[in-house]
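What follows is calculated from the coordinates using simple rules that are stated; it is not laboratory data. If you're wondering where the values come from, they're calculated on a predicted model, not measured in any experiment. All Cβ positions, even for glycine, are placed from backbone atoms using ideal geometry, and neighbour counts span all protein chains on display.
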Amino acid sequence: MLNSNLLRKLDMQDLMVFIAVYDQSSVTEVSETLFVSQSTVSYSLKKLRTSFEDELFINTRAGMRPTYKATTMYGHVQKILESINLCHAGGQAFDPTSTAVTFNVCAPEYFEQLILPRLLKHFDRADLPVIVNVQKLETDIPADDLREGRLDLVICFGPHFHRAHKDFKTQMLLEDDLVCVFDKRSAPREPALSLHSFVERRHVFPTPWTSDTNMIDGWLARQAHKRQVIARANSYSAALKMITGTDFVVTLPRRVQKLLAPATVFGHCEAPSGLPGFTLDMQWNETSGQDNANTWFREQVVKVCAEQGLL
């Protein structure tokens, strides 16, 4: 934060004028060096004097003589300009047009349904030689593969569904909740299922990642309830096919329901009150995070989420 609102009126040119006047002591020489008019130099000096509440330079026969405050400011202003130049230079950005690159990602089906298709279309439209290989998420994130560079990125669910690793960086991509989906002919009329109605129904369980436990059954266990799972599916699409023509229910992320369960075939209602939602998180190794290609890829994932209004 700035100590004074007056400082907000300054720009980079004003600071360049300050350094140039200090070094050259001549408004005329400064205007020639910076390729600006003398009136522009004078206007910058006026802004500087107002902002810093000091004369800064005294006009003498020998030229513009700095005040004590200007002398103490000089080194700081130099560092500001140097820092701005460093910000502009930044790190060497990854150029996906010049080098073919493959990214290895561990992710659940949720990522493949909602984010990856748009990501690949973006690469295709830009004619980028980018390949994305996805392996299925297991109970725990593959920490060793991430540390040793066999994986570039892990997409996982949160919060607290996977063991935390302090050496990994984490960024939340989006939030979602769960809804109950039925064959349209057997959908309940009520807008939300009660807990009793939920456990009374027979369930098809899609496995978006390989795990012995899941967010629904974990929550039911805390409520001292259990549901009847009559089938497990490898994908959301397969689970939806299994409930067609039945009174079975499948509980899906809301964004997946909107994407894969058309209203002409399926009905839906809210899940029992209290069933928690979840986040989709991105994790990467801090060392690989310094790789400009890895940084670029993560930025593309975030951009796709932002374009869809997921962030």
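Computed extension gain for W296 through N3, at 0.36 nm per residue and net of the alpha carbon distance, reaches 101.9 nm.
Computed over region 5-89, relative contact order equals 31 percent, with contacts defined as Cα pairs under 8 Å that lie 6+ residues apart.
Exposure proxy shown here: for I155, I216, the number of other Cβ atoms within 10 Å sets the order, fewest to most, as I216, I155. Backbone phi angles across region 99-106, fed through the Karplus curve with coefficients 6.51, -1.76 and 1.60 (θ = phi - 60°), yield HN-Hα couplings of 9, 5, 9, 10, 10, 9, 10, 9 Hz in residue order; Gly and Pro are listed as x.
So what's the chain giving for Rg/Rh, alpha carbon basis, Kirkwood Rh from the mean inverse pair distance?
Working: Rg = 29.9 Å, Rh = 24.4 Å.
Reported Rg/Rh (Cα atoms, Kirkwood Rh): 1.23.
Using r as the Cβ-Cβ distance of E286 and M172, and R0 as 22 Å, what FRET efficiency do you calculate, to the nearest 0.05? Given R0 = 22 Å and the Cβ-Cβ separation, E is 0.80.
Based on Cα contacts under 8 Å between residues 6+ apart, region 178-276 shows a relative contact order of 55 percent.
Express the relative contact order of the chain as a whole percentage, based on alpha carbon pairs under 8 Å and six or more residues apart in sequence. Don't jump to the answer; show the numbers that get you there.
Values: 457 pairs, mean separation 63.5, N = 311.
Reported as a whole number, the value is 20 percent.
Computed across region 10-143, the Kirkwood hydrodynamic radius from all distinct Cα-Cα pairs reaches 19.6 Å.
In deg cm²/dmol and to the nearest 500, what is the mean residue ellipticity at 222 nm of the chain if only DSSP H runs of at least 4 residues count, each as -39500 (n - 2.57), divided by the residue total? Before the final figure, lay out each step's value.
On the way: 12 runs with 124 residues, N = 311.
Rounded to the nearest 500, the figure is -12000 deg cm²/dmol.
Fewest Cβ neighbours within 10 Å first, please rank S44, S186, S25 accordingly. Intermediate results must be reported in sequence, preceding the final value.
Values: S44 23, S186 14, S25 17.
In order of increasing Cβ crowding within 10 Å: S186, S25, S44.
Taking amide H atoms as placed 1.01 Å from N in the peptide plane, the amide H of A192 lies under 5 Å from those of E270, each 5 or more residues away in sequence or on another chain. Scanning the chain for DSSP H helices at least 27 Å long along the axis (C-alpha atoms) with a Kyte-Doolittle mean no lower than -1.0 picks out 68-89. Taking a point 7 Å from the Cα of S42 along the Cα-to-Cβ direction, the residues of region 56-73 with backbone N closer than 14 Å to it are 59.
To two decimal places, what compactness ratio does region 178-276 give when its Cα radius of gyration is scaled by 2.2 N^0.38 Å?
On the way: Rg = 12.3 Å, N = 99, 2.2 N^0.38 = 12.6 Å.
This ratio for region 178-276 stands at 0.97.
Comparing R65, R298, R125 in a Gaussian network model of the chain, where Cα atoms under 10 Å apart are tied by springs, the biggest mean-square fluctuation is seen for R65. Restricting the calculation to Cα atoms, region 5-89 shows an Rg/Rh of 0.95 when the hydrodynamic-style radius is the Kirkwood one. For the pair I80 and E32, the difference between a 0.36 nm per residue extended length and the Cα-Cα distance amounts to 15.0 nm.
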